[in-house]
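Participant: Before anything else, here's the structure in question.
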Amino acid sequence: MVFVFTSCQTIFNISPYESYVKSLETSGISKSSMGKKWISSGQNALLKPNESVKLPFKSEIFFREIAPNAISYRLKYEEYAKLTFKITSKGKDNNGVYVDIFVDNPNKSRVKNFYVKDTIFVYEDNNTQNLILRIQPQLLINQYVTVEIIENPKLAFPVKNGSNKDIQSFWGVERDGGQRRHEGVDIFNKKGTPILAVEDGTIARVETNILGGKVVWQRLGSFGQSIYYAHLDSQAVSAGQAVKKGDIVGFMGNTGNAKYTASHLHFGIYTGSGAIDPLLYIQKRDTIPGKLKLSEKYLGDELVIKTENGQVPVNLLSVSSGAINYADYLGNLQSINHMNTNGKIKVKFKPNPSVQNIINEPFSEGIPIAKFNVKETFKILGYVDNYLYLEQNDVKGWVLKE
Ligand SMILES: [Zn+2]
């Protein structure tokens, strides 16, 4: 059974990403150094995400055509939330990017996959889990991409024009001298304030009981949970009725054991195994991502940064509200959370007078990319080990130190 299911997935559910990999294989491009780098970048992004995301999140990315890279983000999905992903790409042509979301389990189960220029989609599930979002453009493309991820509560707020500060009594507080605990939250407002369905569903029961007074029970289609609205002044629905999110189910009051208390809604969520704390299912979130760790204006530029080995050139891959990702001079991706771009570079070394060529890497195997003339003007940009990084006649590269 499992085998049949797996093979159907392989045959009929090939993702845009996998289909692109297949086209690289068929054309033989996968065997070129660029092709190999593209495929290994995608695999590495899945095995070792570049950045752990704190929500709400924003990242600006610039993929350079000469450096095939993928970038990936690890984030936690909570069962009480829904995540909105917004991906925008700005390329010269109509190029999109591959957007793939995986559950971070041993199988890396893929849950979303697109090849798109712009998209907004919502992710929700019954279970808390870690996700990996991977973004990768096609080969040989310069592409800017913006990624935004916002967390919102899974359910709508149940009181019209209400806010978090109206929630004044929480889950688990003792009731009746400790004989029972509070199985919900209380949201205060004026008597008669409309009480709104928190999600689409069906009204299961409309009744009166001793503790809750006038109550409404709603069953949610999607998650098999029951919503309990209590202490209503009056009910506005009847059993069996289908409701949409935002429909009025009743009006706030203080019926039942709330008759000596200010008007409020007692709001509860019941699952197959009893009541759960409803707070995070409805509490409104901060949805504005923090400031980017570095201005996006540096994307696509080469910067020289100080490291413990010297002052080295790097190419920024992304700047986000949490980190800065760059490719170092060897092409390896690194993640840091602070980069000083204002520091003046001071290098007191000189080129070795016997040097004749500027080479592409700071190693003896480096390939010559231009002639070097020690008598012409040049600008030293950085250094590492025995090599200086410099610019002469618009060429940047490495020469041996004196
Ligand atoms: Zn209550």
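Participant: Please report, in cubic angstrom per residue, the volume enclosed by the convex hull of the alpha-carbon atoms of the chain.
Facilitator: With only Cα atoms used, the chain gives 204 Å³ per residue.
Participant: Starting from one equal scatterer on each C-alpha and no solvent at all, send me the Debye-based log10 I(q)/I(0) for segment 296-400 at q = 0.11, 0.15, 0.18 Å⁻¹, two decimals.
Facilitator: -0.35, -0.63, -0.88
Participant: For the chain, calculate the relative contact order in percent as a whole number, restricting contacts to Cα pairs under 8 Å that are 6 or more residues apart.
Facilitator: Details: 957 pairs, mean separation 50.9, N = 402.
Rounded, it is 13 percent for the chain.
Participant: Could you check which residue among Asp200, Asp93, Asp247 shows the biggest mean-square fluctuation in a GNM of the chain with a 10 Å Cα cutoff?
Facilitator: Ranking Asp200, Asp93, Asp247 by mean-square fluctuation puts Asp93 first.
Participant: Check cross-link reach from Lys160 to the lysines: straight Cα distance under 29 Å, and skip same-chain residues fewer than eight apart.
Facilitator: Lys82, Lys86, Lys190, Lys191, Lys214, Lys244, Lys245, Lys259, Lys284
Participant: Moving to a separate point now. Taking the alpha-carbon distance from Lys92 and a cut-off under 17 Å, which aspartates and glutamates remain once sequence neighbours fewer than 8 residues away in the same chain are dropped?
Facilitator: Answer for Lys92, where 17 Å is the Cα cut-off: Glu60, Glu65, Asp118, listed by chain and number.
Participant: Now a separate question. Using the basic label-point model (7 angstrom from Cα toward the beta carbon), what is the Ser169 to Ser238 distance in nanometres?
Facilitator: So the two model labels end up 3.2 nm from each other.
Participant: With r defined as the distance between the Cβ atoms of Lys86 and Ser32 and R0 fixed at 41 Å, what FRET efficiency is calculated, to the nearest 0.05?
Facilitator: Details: r = 34 Å, r/R0 = 0.83.
It comes to 0.75.
Computed from the coordinates by the stated procedures, all read-outs in this text should not be read as laboratory data. Here the structure is a predicted model, which is why all the values come from computation and not from measurement. All Cβ positions, glycine included, derive from the backbone under ideal geometry; neighbour counts span all protein chains shown.
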